[in-house]
1. Greater than 29 Å separation of Cα atoms is the criterion. Which listed pairs, A:243/A:394; A:243/B:363; A:243/B:233; A:460/A:686; B:192/B:363; A:148/A:243, meet it?
2. Residue A:332's amide H: which non-local residues (gap 5+, or another chain) put their own amide H closer than 5 Å, with H modeled 1.01 Å from N in plane and none for Pro or chain starts?
3. Between residue A:640 and residue A:344, what is 0.36 nm times their sequence separation minus the Cα-Cα distance? Round to one decimal in nm.
4. Fewest to most neighbouring Cβ within 10 Å: what's the order for A:594, A:267?
5. Once you list every other residue whose beta carbon is under 9 Å from the beta carbon of residue B:291, what net charge do they have if Lys and Arg are +1 and Asp and Glu are -1?
6. Evaluate the charge dipole of region B:142-388 about its Cα centre and quote only its size in Debye, nearest 20, assuming +1 on the Cβ of each Lys and Arg and -1 on the Cβ of each Asp and Glu.
7. Using DSSP, restrict attention to beta bridges with both residues in region B:142-388 and report what percent are antiparallel, rounded to the nearest 5.
8. In peptide B:326-332, how many Cβ atoms from other protein chains are near each Cβ within 10 Å, on average?
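Read-outs: derived from the displayed coordinates by stated rules, not from any lab. Being a predicted model, the structure only gives us computed values, none of them experimental. Neighbour counts are summed over all protein chains in view; Cβ atoms, including those assigned to glycine, are modelled from backbone coordinates with ideal geometry.
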Amino acid sequence: MYVGNYGKDPGLGRAGVRSWPYHLLVLCVLLNPFTPLSLTFLKMRRMDLISFQRCHVLCSLYPLAMGLLLDSHRRRALARLLLRLNTPLCVVSYVAGVVWFLALAFSPLTQNTYISENAMGSTMVEEQFEGGEHALSYARDFIAQRRKTGNLPVAWLERTMRSVGLEVYSQSFSRTLPFPDETHERYMVSGTNVYGILRAPRAASTESLVLIVPSSPGTLNAQAVGLLLSLAAYFRSQIYWAKDIIFLVTEHDLLGTEAWLEAYHDVNITGMQSSALRGRAGAIQAAVALELNSDVVTSLDVAVEGLNGQLPNLDLLNLFHAFCQKEALLCTLQGKLQHSDWASLGGSLHGLQTLMLMVLRQASGRPHGPHGLFLRYHVEAITLRGINSFRQYKYDMTAVGKTLEGMFRKLNNLLERLHQSYFFYLLPSLSRFVSIGLYMPAIGFLLFIPGLKALELWVKLNKVDFSPEEQLGPLQLVGQDVRGVALTPLVAPVLISQATGLALYLLPVMGQHVAAQHFPVAEAEAVVLTLLAIYVAGLALPHSTHRVVSSTPRGPDSGWMALKLLALLYLALQLGCISLFNFSLGFLLAVTMVPAAALTQPSGPRLLYAVLLVLVSPGATLLGSLFLWRELQEAPLTLAEGWQLFLGALAQGVLDHHLYGALLFPLLSLGLYPCWLLFWNVLFWK
Amino acid sequence: MSEGRVDAPSSQLPELGPPCGWDPGQQRGARTRGSGVRGRAVPQGRGRVGEAGKGWAWAGPSPTAALHPGFGSPAPALGVLVPDAASSGPGCREPACPAGPAPFPRASSLFLMLLPPGPSLLAPLNFTGTSCRGHLRPQPFWFNYRHVANTLSVYRSVKRLGIPDSHIVLMLADDMACNPRNPKPATVFSHKNMELNVYGDDVEVDYRSYEVTVENFLRVLTGRVPPSTPRSKRLLSDDRSNILIYMTGHGGNGFLKFQDSEEITNVELADAFEQMWQKRRYHEMLFIIDTCQGASMYERFYSPNVMALASSQVGEDSLSHQPDLAIGVHLMDRYTFYVLEFLEEIHPASQANMNDLFQVCPKSLCVSTPGHRTDLFQRNPQNVLITDFFGSVRKVEITTERVALNHLKCQKDEELTEPLNYAEQLPVAQIIHQKPKQKEWHPPGGFILGLWALILMVFFKTYGIKHMKYVF
């Protein structure tokens, strides 16, 4: 397999050079910029020619590079070159990554969206829904009943659904939160979901679509419930359904949705207690969540970001967009209207703003609407929110209902799950998208830096290797203890950082009662404050442990170099993995942590490094993201508000993990925070 | 999807008893394959009689005359077959014998239609009626509605022009009429004015859903079907059959997709036609395809007597027509839409020829450029009537002269008057290698009646009639 001088080098066989690190390094370096390659497998059908070409390039480069590295002369030359060019390469790579990302909103990198699924094809539907007034009267009844009963009027809903001809069932659920949720003011939650199934008159009940309306004490969504009932009545009178349609009203927004989904799929992954479902309707193909709180709307906002940054198939969004255009509705993404002139600079900057908002929301890993929980079950779903602003032109329920009718009619035509279009994309506007093949290079460039740095450190640690004169000598003269990496002194810092991370993950929730007893704080506050305390304590803990453990005399710098090498590889690995399933999170973390991590060393302006490192720690990144987010939404925060929001976000992050299985909290506390602590350790290495 | 239609005369007769004097070997030997000769041999100036209901006289000498009485309505045909002196060309001295078993009307054209693109589910379909019963239907690709409508409209046209279902092999991969998504169940429309339901009242689909495969299609063409294949699923053609093949579906340069998983290439198709030619399975063939880059499908043909039409040139897409918002799909493809429009104007006596068909759907209407190929065909397209392929029309000469039949003694009369022995149709015993079961002895009915009478008599003797109420 290898070409070049690999086999001919006389030094290799005798000295037994360990070649596996070189293999690893070469693979890392080669693979890094081409991360999208691995991703093309996730989109089998869209694997493009470019990826194939990349494959070929990779396959031919690998033996070449191995030949270069394993030949001692060339290795030395390469090592010198690497040392000389390392810093400029890193800078160029970082700039390239950031510029690439910013360029994503500009025209050569974005494409117009288009519906790939033939079965949905076009918007060829004759919308006949006229039940807007009906919907409003249902909504008024709903509000009255709601006021009467105090919570979801289950009996009324069941009666009404039955009267329009649905098969009606209800499901009760209860859940005790790990600690009180102050944002939604709930702790021990119990509620009821009501759903009605419209059976397809001429097809088997093997597939279904879901229209879901969350109704909780804070946001009633009465108009959405009314529209749901009115649509149910209308749909019932049509004969062309090939899939069952489930009309679902959930209580306590996401909790109800989670309970219903778990019961529907007969799993229990979050410790929800709920009654079993008595009626089912086959595999759910797609779901649309609806949130309306006013009798008329000025625009419809669509939310796509789901749990852990999962996105629905782009075709579902395209379908919504197509019907928006057909009905001449005003549709927004991230609350932003589309810029009229895409090609202009203003349009592109507007797109960049929208894209940044999407990146921030996706990075948060929270489900931004009930649809977010459906995505876990591979059910494509989006949430539509009616916005009623001060605009002059309003749309009534009939217009919204017609949009939904058209979407359901087209979804009804599906034969397979939505799979033709992209699952990984970024949206600078509703009509433009950036595909995964185009945005991944941004993070590829960024992850190139830890790779390069690690290579540099590796070369430095083995520095005898590139003394120019000798050929065989160094390998024989220098023992293993001088060259190479000593791993023992690294054990303590690594263990301590990981233990701190584990404490950060476990203690806040476990110790909330203890904390609440001993300090004058409520449980929810206790959790957040414990979290912060452990986080900060981690900075003070581990610096000088290596002095106790390490005794072997090595080069003066070999200790921190080895630790940094390890930390860099660890960081690159984690960021690479994260960016595979949540690009936004991976990119945000990479763009902040990577330069600081690359710069950190126990000499030079250490104070500067320390400040930089603190600023890019995961917690600080979260705080900064909050400010950026509000800034982009044109509702800037003051510092105090920002701090309050930050505390709330911490609590929500922990809650999301426990309630829905969001991965952000464990990722940060068990993975990135310990990794960051390693760099902190490097900085204070003595 | 493709539908093909083949029209074939049939060598279906043997079981029914050939007309006297009919000798396949003799005919085969006598006739040369050069159809042109036969064509010229036919005297001109005969009247055409359209649909068979018209009367006693049809069965005439068209190029393939002797072998194909038409099929409009077989009944009158059985009674009166006009022997036509002119038709007693080589080998044709079998003016049907009125006394013998009537010759089954033979096909002049057999019709093969194909519609392959397809569904992802399989379930039994029942096409015999127009009502959609039952729930477990396959759910084919609903947006392929237009291909089904294409096929059915051509089917409708050929049926209207007199070709019966027995001479049509219809292949439909999707059942659109019974698709649950169809807002108008049991119908397939070809126009958004909803006037023409091409699904009609009687559609006989021979190959449906997953039976529509490349293998089955090629087997039907070449006749290499398993022995168990019913006659309705075979292409029973011979060297005097005119065959029309119509195909539609999703295609590309040099191929046409069947179902969702396979495709037929133009080379395979050309080879299949050559095999048909060598096996003398057709006399002339008209091939029509409505698909993207349709012209690529006929460019590899090399067998004689094939005329081909396509809806688009290589590099062009064929486009759909008639978007219908209520049904939610395109109802037809442009090319077939205009072909149907053209065919609706054709009646059995029409003198429209192939050149007229070539003019159908110019680029201004079709957007794509329809193509045709005639270099393999031996006649001038101008002399080829549309009804030669689309209809079952034969030339009929009405004569007022009295024809004496006495001298046409059937040589085999005596044999035929003998009682015929028929083989048992379903020899169950042989099949399962068992002797028929011996009948068990059963007492005669009278005995049992008597026994019951005795019992009743003893009963009444013992209890008397007045005790009946205690018994019941």
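1. Working: A:243/A:394 33 Å; A:243/B:363 40 Å; A:243/B:233 34 Å; A:460/A:686 19 Å; B:192/B:363 22 Å; A:148/A:243 36 Å.
Pairs exceeding the cut-off: A:243/A:394; A:243/B:363; A:243/B:233; A:148/A:243.
2. A:300, A:301, A:302
3. Numbers: separation 296, 0.36 × 296 = 106.56 nm, distance 3.75 nm.
Full extension from residue A:640 to residue A:344 adds 102.8 nm.
4. On the way: A:594 27, A:267 10.
Least crowded to most crowded, the residues run A:267, A:594.
5. Working: positive: B:257; negative: B:290, B:333.
Net charge in that neighbourhood comes out at -1.
6. Numbers: 23 positive and 31 negative charges, 64 e Å.
The calculation lands at about 300 debye.
7. For region B:142-388, the DSSP antiparallel bridge percentage is about 50.
8. Working: counts 5, 4, 12, 4, 3, 0, 0.
Partner Cβ neighbours, averaged per residue: 4.
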